[in-house]
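Colleague: Supplied in structure tokens, the structure appears directly below.
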Amino acid sequence: MTEYDAVIFDNDGVLVEPPAYDTQAEATRTAFEAVGVADVDRNYLDAVISGITVDGLREICTAYNLDPESFWEAREYHDEQSQLEKFRAGVRTCYDDVSALSALSDHPISCALVSNNHHSTIEFILEFFELHSLFDTYYGRPKAIDSLRWKKPNPHYLDKALADLNAESALYVGDSQSDVVAAHRAGMDSAFVRRAHCSNLNLAVTPTYEVETLHDVTAIVSD
């Protein structure tokens, strides 16, 4: 069994329930409306929701004659507000098995959180669900167009977390193929959590571990 200096967790779909498509779609439509696009093409809407790139964003803005910075500012604002609203209303919540992470405090192992979500949203989640004490460091992305370049599967923020923790051997826990790829690019092992929303996902890459709950993760790193 590999001994780890650190375990790093994704957020959406691992610690908290992922945002619903309808919520993301409504927030994105509102952002387009805020910059003067009343009827956005469904393909463009889906592109923004599903993981837009910097080049893809600029192409969409060119098609609608929009200033990319103005649109992205509106999109990030409305996307974040839609998430906070769902958390406050109890529509979207923390997974019960996050309680398993408290057991890691009994072991000489550091914990971190790395997410593609906004850094400010991550800060809200940690405070709202009282999770701050579980993590030694955490990273989300800033609300800027260039931040799209650093999203997973780019290991940028995983590398920063490893440096913060001064860790040589780490496990990254995620719920998507990009999480597994990012972990391997960072030289880390990976644990894929097969939650309900990804129960039928066929991975094109092989994670180091595949687990059903975070209790399984704590068992791996505590053994």
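No value in this document is a laboratory result; all are computed from the given coordinates. As the structure is a computational prediction, the values presented were derived from the model and not from experiment. All Cβ positions, even for glycine, are placed from backbone atoms using ideal geometry, and neighbour counts span all protein chains on display.
Colleague: Just need the relative contact order of the chain here, percent rounded to a whole number, with Cα pairs under 8 Å and 6+ apart.
Modeller: RCO, the chain: 27 percent.
Colleague: Only four residue types carry charge here, +1 at the Cβ of Lys and Arg and -1 at the Cβ of Asp and Glu. Report the dipole size of region 1-132 about the Cα centre in Debye, rounded to the nearest 20.
Modeller: Charge dipole, region 1-132, about its Cα centre: 220 debye, nearest 20.
Colleague: Only sites in a loop by DSSP and with at most 11 other Cβ atoms within 10 Å count here; which GluC sites (Glu not before Pro) in region 60-151 make the cut?
Modeller: Here the GluC sites (Glu not before Pro) that fit, given the DSSP loop and packing criteria, are E130.
Colleague: Now a separate question. Under a crude label model (7 Å from the Cα following the beta-carbon direction), how far is E69 from D223 in nanometres?
Modeller: 5.2
Colleague: Shifting gears a bit: How large is the dipole of region 76-223 about the Cα centre if only Lys and Arg carry +1 and Asp and Glu carry -1, each at its Cβ, rounded to the nearest 20 debye?
Modeller: Here the size comes out at about 560 debye.
Colleague: Something else about it: Relative contact order of region 1-107, please, whole-number percent, based on alpha carbon pairs below 8 angstrom and at least 6 residues apart.
Modeller: This gives 37 percent for region 1-107.
Colleague: At Y95 and N200, where each label point lies 7 Å from the Cα along Cα→Cβ, what is the point-to-point distance in nanometres?
Modeller: Label-label distance for Y95 and N200, simple model: 2.0 nm.
Colleague: Another question, then. Please identify the trypsin sites (Lys or Arg not before Pro) of region 104-167 that satisfy two criteria: DSSP loop assignment and at most 14 other Cβ atoms within 10 Å. Which are they?
Modeller: none
Colleague: Compare the Cα positions of H78, P68, T23 along the charge dipole of region 21-89 (+1 at Cβ of Lys, Arg; -1 at Cβ of Asp, Glu; about the Cα centre) and return the one farthest towards the positive end.
Modeller: T23
Colleague: Describe numerically, in nm with one decimal, the distance between label points set 7 Å from Cα along Cα→Cβ at S102 and at A38.
Modeller: 5.4
Colleague: Could you rank the peptides 161-171, 87-97, 51-61 by their average count of other C-beta atoms within 10 Å per residue, with the highest value first?
Modeller: Final packing ranking: 161-171, 51-61, 87-97.
Colleague: For L171, list long-range residues whose amide hydrogen, built 1.01 Å from N in the peptide plane, is under 5 Å from its own amide hydrogen.
Modeller: Answer set, sorted by chain and number: A6, V7, I8.
Colleague: With n ≥ 4 as the cut-off for DSSP H runs, can you work out [θ] at 222 nm for the chain, using -39500 (n - 2.57) per run divided by the number of residues, rounded to the nearest 500?
Modeller: After summing the helix terms and dividing by the residues of the chain, the value is -13000 deg cm²/dmol.
Colleague: Starting from the Cα-Cα distance between A144 and D46, subtract it from 0.36 nm times their residue separation and give me the gain in nm to one decimal.
Modeller: Contour length minus the Cα-Cα distance gives 33.3 nm.
Colleague: On to the next question. Post the alpha-carbon centroid distance, region 114-130 to region 24-89, in whole angstrom.
Modeller: Centre-to-centre (Cα) distance: 20 Å.
Colleague: What percent does the relative contact order of region 39-157 come to when contacts are Cα pairs within less than 8 Å and at least six residues apart?
Modeller: Relative contact order, region 39-157: 26 percent.
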